[in-house]
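Only one structure is covered here, and it is reproduced in the block below.
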Amino acid sequence: MKRLTEKQQQILDYIAEFTRAQEIAPTVHELASHFGIKSSTMFIHLRTLQRKNCLVRNSKARSIKLLSPDGKPEKLSRRNSNSIAIPLINHFKPEMIADPAAYGNAKVFMSRENCKYNSGTRIFAIKAADDRLKDAAILKDDILIIAAIPDAGKDSLLLVEIDKKAYVGYLGSAPDGTKVLNFANRDYPAVKIPVTGPQIIGTVIALKRCF
């Protein structure tokens, strides 16, 4: 097998995770949506991976099959108790939470051990838009797993809506007693919370970093 680029390896890893969790292969559109690129660009990546004998596919939907080093299709058994697929909402806006159709087809995969939540709780993922949480070891483009629960307890990292904008931060108080949303980066000032309070969309329950 020829040497792979970082992006090519990420595509193969995602295909494997998706196939294990869903028991079907992803479509080209789903792959393109996940990586934030055009379907035509994803086709180029897949053709390159075919030439490198990493996968095979045909004109049918969900026909992608990964190949082992001996050239035979890999057997990707489902890990029922270990892996879950979570919708990834790109360019999140508060109004999207009420419209599952706005979630798109992109998904991230997490082990159940690293993503604990109560059965029936709606969960989804968003990307950190900047580095305002860097002192909490959360970097730009890190993936935050959100559970749609009001608050998981003291010092919870929350996704909230303030003045029709979405923020991830910690509820707190300014010296004068004003309620604010704090961030883990001194370069970003706290956001003042209206008297009516913030709308808490959910609580961050896990973090996934893609290298």
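The values are calculated or read from the model by the stated rules, or taken from the named source; none is laboratory data. The shown structure was predicted, so the numbers you read here are calculated from the model rather than taken from an experiment. Here Cβ is always computed from backbone atoms with ideal geometry, including for glycine, and neighbour counts include all displayed protein chains.
Exactly one of these conditions fails for VAL56: (1) surrounded by 14 or more Cβ atoms within 10 Å (Cβ to Cβ); (2) modelled with pLDDT under 70; (3) over 30 Å from TYR188 (Cα atoms). Give me its number.
Every condition holds for VAL56 apart from (2).
So if I check each of ASP176, ASP163, ASP187, ASP141, which one is farther than 30 Å from THR5 by Cβ, surrounded by fewer than 15 Cβ atoms within 10 Å (Cβ to Cβ) and in contact (Cβ under 8 Å) with a residue 40 or more places away in the chain?
ASP187
Does segment 131-149 contain at least one residue that is over 23 Å from PHE35 (Cα atoms) and modelled with pLDDT under 90?
yes
Of all residues being over 17 Å from LEU171 (Cβ atoms) and either of a type in the set (A, V, I, L, M, F, W, C) or under 12 Å from the mean Cα position of the chain (by Cα) (or both) in segment 127-137, which is surrounded by the fewest Cβ atoms within 10 Å (Cβ to Cβ)? Just the residue, please.
The residue in question is ALA137.
Which one of LYS154, LYS140 is closer than 29 Å to GLN10 by Cα, outside any strand (DSSP E or B), in the same structural domain as PHE92 (by TED's automatic domain parsing) and of a type in the set (Lys, Arg)?
Details: LYS154 fails: closer than 29 Å to GLN10 by Cα.
Within the list LYS154, LYS140, the selection yields LYS140.
For segment 168-185, check the following and say yes or no: at least one residue is under 26 Å from PHE35 (Cα atoms), at pLDDT below 90 and within 25 Å of the chain's Cα centre (by Cα).
No, segment 168-185 has no match at all.
Assess whether LEU76 counts as being touching a strand residue (DSSP E or B) at 6+ places or on another chain (Cβ under 8 Å), modelled with pLDDT of 85 or more and over 30 Å from LYS140 (Cβ atoms). Even if it seems obvious, please write down each step before you answer.
Values: touching a strand residue (DSSP E or B) at 6+ places or on another chain (Cβ under 8 Å): yes; modelled with pLDDT of 85 or more: no; over 30 Å from LYS140 (Cβ atoms): yes.
For LEU76, the condition - touching a strand residue (DSSP E or B) at 6+ places or on another chain (Cβ under 8 Å), modelled with pLDDT of 85 or more and over 30 Å from LYS140 (Cβ atoms) - is not met.
Scan segment 13-28 residue by residue and report those that are in contact with a helix residue (DSSP H, G or I) (Cβ under 9 Å, 6 or more places away or on another chain), surrounded by 15 or more Cβ atoms within 10 Å (Cβ to Cβ) and not hydroxyl-bearing (Ser, Thr, Tyr).
If the condition is that a residue be in contact with a helix residue (DSSP H, G or I) (Cβ under 9 Å, 6 or more places away or on another chain), surrounded by 15 or more Cβ atoms within 10 Å (Cβ to Cβ) and not hydroxyl-bearing (Ser, Thr, Tyr), then ILE15, PHE18, ALA25, PRO26, VAL28 are the ones that fit.
Just to be sure I understand, how many residues within segment 10-61 are outside any helix (DSSP H, G or I) and touching a Ser or Thr at 6+ places or on another chain (Cβ under 6 Å)?
Number satisfying all stated conditions: 3.
Among the residues that make up segment 162-171, is at least one of them touching a Ser or Thr at 6+ places or on another chain (Cβ under 6 Å) and either over 21 Å from PRO87 (Cβ atoms) or assigned to a strand (DSSP E or B) (or both)?
No, segment 162-171 contains no residue that is touching a Ser or Thr at 6+ places or on another chain (Cβ under 6 Å) and either over 21 Å from PRO87 (Cβ atoms) or assigned to a strand (DSSP E or B) (or both).
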